[in-house]
Amino acid sequence: MIKLSATGVYLVDGHEIIPDSQHAQQTLQLRTGAEVTREGARQRTIAHSIIEKHNVSADPAFLQLRFDALASHDITYVSIIQTARASGLEKFPLPYVLTNCHNSLAAVGGTINADDHAFALTAAKKYGGIYVPPHLAVIHQYMREMSAGGGMMILGSDSHTRYGALGTLGIGEGGGEIVKQILGKTYGITRPDVVAVYLAGAVNPGVGPQDVALAIIGAVFKNGYVKDKIMEFVGHGISTLSVEFRHGIDVMTAETACLSSVWCTDDKVKQYLAVHGRPEAYTQLAPGSIAYYDGLIHVDLSSIKPMIALPFHPSNVFTIEEVQANTLDILRTFEKEVALLTGQDLGPSWIDCRLSKDSLYVDQAVIAGCAGGMFENIAAVADIVDGKSAGNAAFALSVYPSSQPMYASLMRSGVVEKLLSAGIIMRSAFCGPCFGAGDVPANRGFSIRHTTRNFLHREGSTPRDEQLAFVALMDSRSIAATAINGGILTAATQIDVEYNSPRYQFDASIYAKRVYSGFDEPQATAEIRLAPNITDWPKMPALTEHLLLKVIAVLNEPVTTTDDLLPSGEISSYRSNPLRLAEYTLSRKEPAYVSRAKLVCSYESARLAGLDLSEQFPELAEVLAKVSDNTGHGVMDITATGLGSVLYAVKVGDGSAREQAASSQRVLCGWANIAREYATRRYRANLINWGLLPFVLREELTFACGDFLYIPNIRRAIETDQAEITAYVVGADVHVIHLALGKLTSEEQQILLKGGLINLYAT
């Protein structure tokens with residue numbers, strides 16, 4: 001089904017694969033009559049050609065990129081614009097699209113969501129932005145329809161920023177990187193490796209884009225095969241796929257932990273852009289006659305079967321056939337995973353409720369967002385459910401078209417009538433089911449979804465109230481097959497259906513009547529509309545000469561996601577109020593984190609006020625004495641030693657691009673993370689942009705929650721780019737550990753020394 005190359009490969013004329021070996025270059029030179037070098041062939045990938053057009057760095061190993069457009073949604077844009085305003089924002093220098101697809105409903109938090117939307121509209125007017133009203137389009141569908149094109153680069157503050165099927169390198173990052181672009185700065189990154197994804201053959205009827213995507217994710221996520229790399233889709237199999245099918249695979253590459261993705265383009269892409277009124281956006285893209293890739297994923301499309309990603313990660317993949325054949329064993333294993341992750345026992349009757357005729361029974365289904373809510377997916381559902389029932393009193397299926405123009409085309413083609421007649425609920429463009437806001441199942445319920453993520457609590461449950469539900473990812477076609485089978489897990493390849501493939505018609509006037517398009521037309525006199533929940537960032541201190549940090553969380557799970565650090569769902573209603581949002585930091589994973597952090601904040605406040613810490617906080621007296629007596633650095637200079645907190649995690653930062661997972665630690669006096677590994681580049685960048693030190697620990701873990709870490713001369717260590725940093729664990733005894741920050745750019749050094757991006761750019 002999927003094979004991974006153990007070496008780099010040369011791709012010749014777009015189809016012949018030659019593994020890298022001592023004879024490969026010789027073979028190629030004999031064939032071409034010219035010298036072939038690995039480095040020369042690296043420059044013939046599509047990714048390289050796009051990067052070079054956007055790179056302003058003279059250093060071939062380190063890129064400084066300028067993007068063509070930016071995109072944010074209503075979980076992230078307020079903090080981004082507030083940060084940029086604090087740093088001297090005058091106008092948006094490039095197209096910046098502000099969409100409203102995550103907090104579209106004002107059901108939680110009173111006027112909070114609508115207040116943010118009003119803020120965004122006034123910001124678009126004042127600074128020259130593009131404002132997409134709620135329910136009109138999800139962020140990535142709008143960018144596909146109205147912005148992305150061949151050879152472009154787009155930066156978005158959402159992890160699923162992927163427009164590779166149109167020939168655009170899309171990168172999802174935290175808000176700090178968007179701020180840099182708004183302020184005319186560059187995006188700095190070590191030149192990424194490029195891995196080829198060679199598609200061969202053609203998919204069988206009933207197999208959809210989510211099936212292909214999940215199969216790839218299952219093959220590469222856990223082994224890190226494409227982590228922080230660019231996935232470049234090549235091969236004859238591309239021509240067998242529609243552009244929407246490609247979109248459906250492409251957007252899910254975010255779940256592989258890759259940096260970005262891009263595809264060869266062809267006449268289908270040309271036609272797609274023409275239908276959307278942008279024929280000039282087409283560029284034919286293909287690798288050079290001999291291109292070198294740092295790895296290769298070979299995908300035989302004809303061997304892909306309908307897939308399911310069981311909770312709690314898109315990489316937890318099985319074929320539906322496997323689940324059907326081993327339902328009881330898989331459910332028993334799942335019960336143990338739930339107990340391990342949540343401490344909750346599902347009880348003896350849970351499995352019985354999940355079994356129907358020895359098959360898995362699900363309670364609910366959702367098709368939504370940038371992955372599921374596309375025209376062809378929904379049209380295929382209509383063909384499957386036509387003339388049948390897709391629900392009953394217990395089982396329900398909801399469909400969210402990803403844009404209003406798409407919804408209109410579905411209505412014209414008769415698809416909507418078929419869906420409604422089958423009992424399916426139609427909703428507006430909304431990303432809620434992807435992150436736990438919308439169609440939340442009942443306690444202990446099991447939902448199957450064609451969306452992007454199925455992390456723990458992404459279905460909207462609140463574990464502190466002992467609520468728990470589960471999400472599995474599937475393709476819309478198999479979801480529809482399951483629906484007509486009364487909620488019993490069924491693959492679309494197991495039913496007889498004729499797919500009609502109606503023609504998609506795009507009506508741009510729907511956007512023209514509602515979207516505010518103000519790029520390059522800022523209105524300097526326009527006033528920003530604020531609201532009670534929209535507050536400025538608190539003052540962030542600069543890095544002190546030394547640090548004394550209390551360990552207030554030790555997370556030993558194999559992976560800690562950004563959802564673990566700061567839960568998604570209803571909590572994100574406070575996204576525009578940094579202090580209020582911070583109250584929920586690690587609330588699901590480590591409920592005592594906030595109270596511990598606040599105690600540490602009181603230490604720092606007392607220090608800054610010049611109070612006697614030993615007298616004010618008796619618990620600190622012993623720690624300060626141990627530091628002075630046992631580290632060889634003499635009496636601690638408390639005036640030059642910042643007091644703060646630190647958390648430890650094994651592998652931290654998988655998932656969302658939301659920078660609030662880092663900034664919420666910072667406003668609670670966090671100074672650092674310590675990890676074996678950072679799951680994504682963007683989380684590490686988020687830490688740096690908020691002034692948090694991204695330490696790496698290679699040696700054995702020898703500290704515990706409640707211990708202190710004394711890190712002398714940390715400021716000098718950053719200024720001199722010190723490779724290894726000595727720290728002292730102050731607990732029952734005092735002993736040395738060694739930390740590393742990894743390679744920091746000069747800009748990253750300055751950000752950390754200043755105490756965060758806001759401080760650096762505001763000066």
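Numbers for the structure displayed
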{"read-out": "The stretch 1-39-the stretch 674-742 distance, computed between alpha-carbon centres (Å)", "value": "42"}
{"read-out": "Per-residue HN-Hα couplings for the stretch 92-97 [Karplus 6.51, -1.76, 1.60; θ = phi - 60°; Hz; x = Gly/Pro]", "value": "6, x, 8, x, 10, 9"}
{"read-out": "The stretch 307-494: relative contact order as a whole-number percent, Cα under 8 Å and 6+ apart", "value": "28"}
{"read-out": "Interchain or long-range residues, amide H under 5 Å from VAL197's placed H", "value": "GLU232, PHE233, VAL234, ILE297"}
{"read-out": "Lys, Arg +1 and Asp, Glu -1 on Cβ, resulting dipole of the stretch 416-515 about Cα centre, debye, nearest 20", "value": "320"}
{"read-out": "Rounded tilt (10° steps) of 112-127 against the dominant C-alpha axis of the chain", "value": "90"}
{"read-out": "Label-point separation in nm, ARG191 to GLN43, each point 7 Å along Cα→Cβ", "value": "0.9"}
{"read-out": "Cut-off 16 Å (backbone N to label point 7 Å along Cα→Cβ of ASP637), residues of the stretch 542-561", "value": "543-548"}
{"read-out": "C-alpha center-to-center spacing [the stretch 221-238, the stretch 620-672] in angstrom", "value": "37"}
{"read-out": "Compactness of the chain, expressed as Rg and Dmax over alpha-carbon positions, Å", "value": "26.1, 82"}
{"read-out": "THR7 versus LEU753: modelled label distance in nm, points set 7 Å from Cα along the beta carbon direction", "value": "4.5"}
{"read-out": "Sequence-separation-based contact order of the stretch 1-82, relative, with Cα cut under 8 Å and 6+ spacing, percent", "value": "12"}
{"read-out": "Contour excess over end-to-end distance, with Cα ends at ALA58 and ALA542 and 0.36 nm allotted per residue", "value": "171.2 nm"}
{"read-out": "Most positive-pole-ward Cα, PHE695, ILE320, ALA661, against dipole of the chain from beta carbon charges", "value": "ALA661"}
{"read-out": "Cβ charges +1 (Lys, Arg) and -1 (Asp, Glu), total dipole of the stretch 67-188, debye", "value": "240"}
{"read-out": "Fewest-first sequence of HIS102, HIS313 by Cβ atoms within 10 Å of each Cβ", "value": "HIS313, HIS102"}
{"read-out": "Furthest towards positive pole of dipole, PHE119, ILE154, THR186, structure part the stretch 90-193, Cβ charges", "value": "THR186"}
{"read-out": "DSSP-assigned coil residues among trypsin sites (Lys or Arg not before Pro) in the stretch 466-535, each with at most 11 further Cβ atoms within 10 Å", "value": "ARG503, LYS513"}
{"read-out": "Out-of-range pairs (alpha-carbon distance over 27 Å; input LYS222/LYS268; LYS185/LYS754; LYS229/LYS336; LYS222/LYS270)", "value": "LYS222/LYS268; LYS229/LYS336; LYS222/LYS270"}
{"read-out": "Cα→Cβ-extended label distance, 7 Å offset, between ASN556 and ILE495, nm", "value": "4.6"}
{"read-out": "Net +/- balance of residues flanking SER5 in space, Cβ distance below 11 Å, scoring K and R +1, D and E -1", "value": "-1"}
{"read-out": "Cleavage-rule hits, chymotrypsin sites (Phe, Trp or Tyr not before Pro), the stretch 23-99, DSSP coil, Cβ neighbours within 10 Å at most 13", "value": "none"}
{"read-out": "Within the stretch 479-555: Cβ-based charge dipole about Cα centre, in debye rounded to nearest 20 (Lys, Arg +1; Asp, Glu -1)", "value": "220"}
{"read-out": "Relative contact order computed over the chain (Cα-Cα under 8 Å; 6+ residues apart), in percent", "value": "14"}
{"read-out": "Net +/- balance of residues flanking ALA582 in space, Cβ distance below 12 Å, scoring K and R +1, D and E -1", "value": "+3"}
{"read-out": "Within the chain, helix-based [θ] at 222 nm, where runs of 4 or more DSSP H residues each add -39,500 (n - 2.57), nearest 500", "value": "-9000 deg cm²/dmol"}
{"read-out": "Segment SER628-THR535, length gained on full extension (0.36 nm per residue, minus Cα span)", "value": "29.4 nm"}
{"read-out": "Excluding exposed DSSP-loop GluC sites (Glu not before Pro) (at most 13 other C-beta within 10 Å), longest clean stretch of the chain", "value": "36-465"}
{"read-out": "Length gained when the stretch GLN26-LEU420 is fully extended (0.36 nm per residue, less Cα-Cα span)", "value": "135.6 nm"}
{"read-out": "Sorted by Cβ neighbour density within 10 Å, fewest at the top, the residues MET231, MET153, MET1", "value": "MET1, MET153, MET231"}
{"read-out": "The stretch 465-534 versus the stretch 553-605: alpha-carbon centroid distance in Å", "value": "29"}
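Every read-out reported here was derived from the displayed coordinates using simple, explicitly stated rules and does not represent laboratory data. Every value quoted in this text rests on a predicted model; they were computed, and no experiment measured them. All Cβ positions, glycine included, derive from the backbone under ideal geometry; neighbour counts span all protein chains shown.
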